[in-house]
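Peer 1: Quick one: structure below, then a few questions.
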């Protein structure tokens, strides 16, 4: 079964600093991986997705993620954090069954300080 | 295209009462999902519809839970005899059955509080 592990439930960075949120996956087949962002009391918004077309994936709001098969990782990065990036971030992997349901990590809360 | 909508956004109920939530997916999407998210956790899959057919249910979905999608458009999720452990955010998502990655679009969720 597919699964993802997010290391670090809370990450704090200064405004303008690099953002790095970690995600490692476990999958018996080539995975489809996603990063979602959730603002307080809202649903999830897709940031980016990996579908095997390219290992470096660019998403919205300046975020990108690199798929590394050798490390089974799909870490999310942004060169320069903005206050508006403060939110909860979830990594997810798509299942292989008919439902193609998503399995999410436990999330990383990003705090951005002045 | 107004995105996925859910109603109500918040629901407070007493233990033992029944509650029903509604989800309206993006109009051309034929796949619809329900997830549950408890505090400090990621969403967990509950059930999935393709058009009006409910094709998969998680073991998390006890007998007190029932979901329908009668005409392949909107869906309802009912919880009977609510328990305090049912308190959570209930998220609905929809997608097209197209492509390999099945991008799911999420609604804003219904936050349930059982007193």
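The values are calculated or read from the model by the stated rules, or taken from the named source; none is laboratory data. The structure presented is a predicted model; accordingly, all values stated were derived computationally and were not measured. Heads up, the Cβs are rebuilt from the backbone with ideal geometry, glycines too, and the neighbour counts pull from every protein chain shown.
Peer 1: Is it true that some residue in the stretch B:88-99 is more than 10 Å from chain A (Cβ to nearest Cβ), in contact with a strand residue (DSSP E or B) (Cβ under 9 Å, 6 or more places away or on another chain) and without any contact (Cβ under 8 Å) to a residue 40 or more places away in the chain?
Peer 2: no
Peer 1: Ok, one more. Just name the residue that is nearest to the other protein chains (Cβ to nearest Cβ) out of those in the stretch B:30-60 that are under 17 Å from residue B:109 (Cβ atoms) and in a loop (DSSP other than H, G, I, E, B).
Peer 2: Of everything passing the filter in the stretch B:30-60, B:42 is nearest to the other protein chains (Cβ to nearest Cβ).
Peer 1: Let me ask another. Within the stretch A:9-21, does at least one residue satisfy the condition of being buried (at least 16 other Cβ atoms within 10 Å of the Cβ), more than 12 Å from the chain's Cα centre (by Cα) and assigned to a strand (DSSP E or B)?
Peer 2: yes
Peer 1: If you check B:37, B:54, B:41, which single one turns out to be surrounded by 14 or more Cβ atoms within 10 Å (Cβ to Cβ) and touching a residue at least 40 places away in the same chain (Cβ under 8 Å)?
Peer 2: It is B:37.
Peer 1: Take the conditions closer than 23 Å to residue B:41 by Cβ, free of Cβ contacts under 8 Å to residues at least 12 places away in the same chain and within 11 Å of chain B (Cβ to nearest Cβ) and apply them to residue A:6. Does it pass?
Peer 2: No; evaluated as a whole, the condition is false for this residue.
Peer 1: Restricting the stretch A:101-114 to residues that are within 9 Å of chain B (Cβ to nearest Cβ) and crowded, with 20+ Cβ neighbours inside 10 Å, which is farthest from the chain's Cα centre (by Cα)?
Peer 2: Of everything passing the filter in the stretch A:101-114, A:101 is farthest from the chain's Cα centre (by Cα).
Peer 1: Within the stretch A:48-114, which strands (runs of 3 or more DSSP E) (wholly inside it) include 1 or more residues that are touching a strand residue (DSSP E or B) at 6+ places or on another chain (Cβ under 7 Å) and in contact (Cβ under 8 Å) with a residue 24 or more places away in the chain?
Peer 2: Correct list: A:64-68, A:73-78, A:87-94, A:102-104, A:108-113.
Peer 1: OK, next. I'm trying to understand the selection: among the residues of the stretch B:1-16, which are outside any strand (DSSP E or B) and out of contact with any helix residue (DSSP H, G or I) (no Cβ under 8 Å at 6 or more places or on another chain)?
Peer 2: Passing the criteria: B:1, B:2, B:3, B:4, B:8, B:9, B:14, B:16.
Peer 1: Next question. Looking only at the stretch A:22-39, count every residue that is within 13 Å of chain B (Cβ to nearest Cβ), modelled with pLDDT of 95 or more and over 22 Å from residue B:90 (Cα atoms) and tell me the total.
Peer 2: Number of matching residues: 1.
Peer 1: Continuing with the same structure: Restricting to the stretch A:56-66, name every residue that is more than 13 Å from chain B (Cβ to nearest Cβ) and surrounded by 18 or more Cβ atoms within 10 Å (Cβ to Cβ).
Peer 2: Result: A:63, A:65.
Peer 1: Which residues, taken from the stretch A:22-47, are closer than 30 Å to residue B:8 by Cα, touching a strand residue (DSSP E or B) at 6+ places or on another chain (Cβ under 6 Å) and assigned to a loop (DSSP other than H, G, I, E, B)?
Peer 2: The answer is A:39, A:43.
Peer 1: Then there's this: Conditions first: (1) without any contact (Cβ under 8 Å) to a residue 24 or more places away in the chain; (2) closer than 24 Å to residue B:114 by Cβ. Residue B:70 passes all but one, so which condition is the exception?
Peer 2: (2)
Peer 1: Identify the residue in the stretch A:40-55 that is within 22 Å of residue A:71 (Cα to Cα) and more than 11 Å from the chain's Cα centre (by Cα) and, among all such residues, is nearest to the other protein chains (Cβ to nearest Cβ).
Peer 2: A:51
Peer 1: Being away from chain A (no Cβ under 11 Å), assigned to a loop (DSSP other than H, G, I, E, B) and modelled with pLDDT under 90 is the requirement here; does residue B:72 meet it?
Peer 2: Against the criterion (away from chain A (no Cβ under 11 Å), assigned to a loop (DSSP other than H, G, I, E, B) and modelled with pLDDT under 90), residue B:72 qualifies.
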